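J.: Structure incoming, see below.
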Amino acid sequence: MEKIQIPNQAPSTPMPIVIAGALVKGKENYLTIGAYGVMSMQPPLVYISSMKAHFTNAGIKETGYFSINVPPAALIKETDYCGLVSGRTTDKSRIFTGFYGKEKHAPMIQECPVNAVCKVVKTVELPNNEVFIGEVVEYYVDTPCLTDNIPDPKKIDPLLLAGHSYRKLGGIAGTAFSAGKSLMKK
Ligand SMILES: Cc1cc2nc3c(=O)[nH]c(=O)nc-3n(C[C@H](O)[C@H](O)[C@H](O)COP(=O)(O)O)c2cc1C
């Protein structure tokens, strides 16, 4: 297969879309994030990379907490909206029904089937972004989205971002930690 070199950028893979929530001066604010990822399973650490100018960053730094909410494809308009307008000029607190866990640290979104409260354990400064690394301290899932007590992507129906398109998940391609076994030397 012939390859061509293209301009440097983060190699393209679909990004899972999450909505991060924070209290900014006591008010609920939400922003859409594609630069989200898992850093460690144990302890459960995740990161969001948010541009320094974003209004939400001030709240995360003020409280030391943010929430992660996984929007289903049915919430595509609300998800996109939270990524188009800033809490600095627009009140985004009523776009969703906020709820809290044990403490009023960061608002989670009732309408999203998967929610977590994250405590900031480290912040990495990049030229344009702040990367907030958070430990998941509370984790909630809508009961109908579980299969055998495990969150089920088919029921959650998350959004992925690929270029300028939102995509939905396709089907199962194989079994992890198993599909490669046939290539192991006997
Ligand atoms: C699909 C999508 C993905 C986005 N991903 C990111 C991201 O990973 N990091 C970031 O800093 N901004 C991202 N944004 C932009 C912010 O969500 C947007 O600027 C938002 O209005 C900031 O809100 P705030 O000022 O209320 O914090 C994304 C926007 C969209 C629509």
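J.: Do any residues in region 123-141 that are touching a residue at least 40 places away in the same chain (Cβ under 8 Å) have Cβ atoms under 7 Å from those of residues that are part of a loop (DSSP other than H, G, I, E, B), where the two are at least six apart or on different chains, and which pairs are they?
T.: From residues that are touching a residue at least 40 places away in the same chain (Cβ under 8 Å), the pairs are 128/52; 129/52; 130/52; 135/43; 135/44; 136/44.
J.: Given the conditions (1) within 12 Å of the ligand (Cβ to nearest atom); (2) of a type in the set (A, V, I, L, M, F, W, C); (3) outside any strand (DSSP E or B), which single one is not true for residue 1?
T.: Tallying (1) within 12 Å of the ligand (Cβ to nearest atom); (2) of a type in the set (A, V, I, L, M, F, W, C); (3) outside any strand (DSSP E or B), residue 1 fails exactly one: (1).
J.: Quick check: anything in region 84-98 away from the ligand (no atom under 14 Å from the Cβ) and over 27 Å from residue 149 (Cβ atoms)? Even if it seems obvious, please write down each step before you answer.
T.: Keep residues of region 84-98 that are away from the ligand (no atom under 14 Å from the Cβ), which gives 97-98.
So of that shortlist, the ones also over 27 Å from residue 149 (Cβ atoms) come out as none.
Within region 84-98, none of the residues are away from the ligand (no atom under 14 Å from the Cβ) and over 27 Å from residue 149 (Cβ atoms).
J.: In region 18-72, which residues are away from the ligand (no atom under 13 Å from the Cβ) and at positive phi?
T.: 26, 64
J.: Go through 124, 120, 131 for me and flag whichever is over 17 Å from the mean Cα position of the chain (by Cα), under 14 Å from residue 57 (Cα atoms) and either of a type outside the set (Phe, Trp, Tyr) or assigned to a loop (DSSP other than H, G, I, E, B) (or both). Walk me through how you get there before you give the answer.
T.: Details: 120 fails: over 17 Å from the mean Cα position of the chain (by Cα); 131 fails: over 17 Å from the mean Cα position of the chain (by Cα).
Residue meeting the stated conditions: 124.
J.: Would you check which residues across region 135-186 are within 15 Å of the chain's Cα centre (by Cα), more than 30 Å from residue 102 (Cβ to Cβ) and either of a type in the set (Ser, Thr, Tyr) or more than 16 Å from the ligand (Cβ to nearest atom) (or both) and list them?
T.: 166, the sole residue that qualifies.
All of the numbers you see were taken from the coordinates with simple rules; none came from a lab. Note that the coordinates shown come from a computational prediction; the quantities given were computed from them, not determined experimentally. Using ideal geometry, Cβ is built from the backbone for each residue, glycine included, and neighbour counts are taken over all protein chains shown.
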